[in-house]
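Take a look at the structure set out below.
The values are calculated or read from the model by the stated rules, or taken from the named source; none is laboratory data. Note that the structure is predicted; figures quoted are calculated from it, not measured. Positions of Cβ are backbone-derived with ideal geometry, glycine not excepted, and every protein chain shown enters the neighbour counts. Each accessible area value is taken on the protein alone, full model and side chains, heavy atoms only, with ligands, DNA and RNA left out. Shrake-Rupley method; radii C 1.70, N 1.55, O 1.52, S 1.80 Å.
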Amino acid sequence: MSDATIPTASVPPDLLRVAPEVADALAGGRAVVALESTVIAHGLPRPANVEVALAMEGAVRAEGAVPATVAVIDGRIVIGLDAGEIERLGNSDGVLKASRRDLAPALARGVVAATTVAGTLACAVLAGVRFFATGGIGGAHRGAAHNFDVSADLQELRRAPVVTVCAGAKSILDLPLTLEYLETQGVPVIGYGTDTLPAFYVRDSGLPLAHRADTAEDVAAMARALWSSGLGGGMLLTCPIPAEHALDAAMVEQAIARAVAAAEVEGIHGAATTPFLLARVAEETGGESVAANRALLLNNVAVAARCACAYAALGRAEVARTAR
Ligand code: PSU
Ligand code: MN
């Protein structure tokens, strides 16, 4: 497979550290799954955040892949945090939320920063990681047609040659507009065992998707087609929350409507918008939303790990073929 990874050797070690286990797996063509850290620092309440982050790593390992949680630690991109670093991110106050635009300043200033979907993708590419799991992506916010609030996640999904696995997006966003934007950018959006876009706590947004995949092997074949053909870029795999953990759609919609109204009253905008809305929705829905969030994250990381393993197996088959 013509799957050249960008050599990390070209990045000075004071800017990038790849955990030895992750580097070994990548060098050996084995499955690695990147995990983001904004969900730890800004997306989930304490103490669930650290527990869930460690459980996600365990779930990746249980499927035979190597987890690589990504963040900026003291001015250095780290691909594969250790448990102490995950606890530090989860329990420190004032951790920066780093999208792509924030990475270089965070590195230069030597700070600790949690990476968003966009930030994590940008960093994962430096190490050659091809699979990434998260909960919900950022997207076009309600009112985006007027306020231009479209997450940099959508640009990075186009740019990074990575399969991102998520549970769709919360309807704190304008989901139809988010899908339009991804279509314009040419990002394949794939339903995993579904024909419609999942909406995070809710299995079905009612919005049809152009493509679906039913197995990890299906996804691996699409990833190979995307990258080995030279088409390039990323792919978004959307997995519905497991049915037993899904929340009532009307209850979620009411909570989100109240959160969006509160953001307007309080004049929240820019990078603060998503963390504000997430915290309000969590308050409004109580512990139920945290349990649902945990369940969908664990489901997504397991799916991502199975897809990464299937893709690694394709690579081994190709090597065996060409060696014959
Ligand atoms: N949506 C969620 N949970 C999250 C996020 C979004 O349901 O934790 C986080 C992700 O890290 C995502 C980021 O990349 O918020 C998007 O922020 P912004 O809209 O400012 O780009
Ligand atoms: Mn924004």
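The set of residues from segment 77-102 being of a type in the set (G, A, S), assigned to a helix (DSSP H, G or I) and buried (at least 21 other Cβ atoms within 10 Å of the Cβ) comprises just one member, G90.
Taking the residues in segment 259-318 that are more than 10 Å from ligand 1 (Cβ to nearest atom) and on the phi > 0 side of the Ramachandran plot as candidates, determine which candidate is surrounded by the fewest Cβ atoms within 10 Å (Cβ to Cβ). The residue in question is G267. Checked against (1) open to solvent by 60 Å² or more (accessible area, probe 1.4 Å); (2) over 25 Å from A302 (Cα atoms), H211 meets all criteria but (2). The set of residues in segment 40-76 being part of a loop (DSSP other than H, G, I, E, B) and closer than 25 Å to A271 by Cβ consists of L44, P45, R46, P47, D74, G75.
Within segment 20-30, which residues are aliphatic (A, V, I, L, M) and either open to solvent by 10 Å² or more (accessible area, probe 1.4 Å) or touching a Lys or Arg at 6+ places or on another chain (Cβ under 8 Å) (or both)? Those that are aliphatic (A, V, I, L, M) and either open to solvent by 10 Å² or more (accessible area, probe 1.4 Å) or touching a Lys or Arg at 6+ places or on another chain (Cβ under 8 Å) (or both): A23, L26, A27. Does G191 fit the bill of being within 14 Å of ligand 1 (Cβ to nearest atom), open to solvent by less than 20 Å² (accessible area, probe 1.4 Å) and modelled with pLDDT of 95 or more? No: the conditions fail for G191.
Screening V117, V125 for residues that are among the β-branched types (V, I, T), in contact (Cβ under 8 Å) with a residue 12 or more places away in the chain and either at positive phi or touching a helix residue (DSSP H, G or I) at 6+ places or on another chain (Cβ under 6 Å) (or both) leaves exactly one candidate, V117. Restricting attention to segment 218-238, the residues that are touching a residue at least 60 places away in the same chain (Cβ under 8 Å) and surrounded by 16 or more Cβ atoms within 10 Å (Cβ to Cβ) total 12. Segment 103-176 holds strands (runs of 3 or more DSSP E) entirely within its bounds, and those carrying 1 or more residues that are under 21 Å from C307 (Cα atoms) and within 13 Å of ligand 1 (Cβ to nearest atom) map to 131-133, 163-166. For segment 271-279, the criterion of being closer than 27 Å to V163 by Cα and among the hydroxyl-bearing types (S, T, Y) is satisfied by at least one residue. May I ask you to list the residues in segment 128-160 that are away from ligand 2 (no atom under 11 Å from the Cβ), open to solvent by 40 Å² or more (accessible area, probe 1.4 Å) and touching a residue at least 60 places away in the same chain (Cβ under 8 Å)? Of everything in segment 128-160, those that are away from ligand 2 (no atom under 11 Å from the Cβ), open to solvent by 40 Å² or more (accessible area, probe 1.4 Å) and touching a residue at least 60 places away in the same chain (Cβ under 8 Å) turn out to be R142, R158, R159.
Filtered by the rule that a residue be within 30 Å of Y311 (Cβ to Cβ) and acidic (D, E), segment 55-101 gives E57, E63, D82, E85.
Applying a threshold of 7 Å to beta carbon distances and a minimum spacing of six or more residues, or different chains, the list of pairs starting in segment 68-91 at a residue that is farther than 17 Å from L103 by Cβ and ending at one that is modelled with pLDDT under 95 reads G90/R46; N91/R46. The test for being more than 16 Å from ligand 2 (Cβ to nearest atom) and open to solvent by less than 10 Å² (accessible area, probe 1.4 Å) does not hold for M251. When A68 is tested against (1) under 17 Å from the mean Cα position of the chain (by Cα); (2) modelled with pLDDT under 95, exactly one condition is not met: (2).
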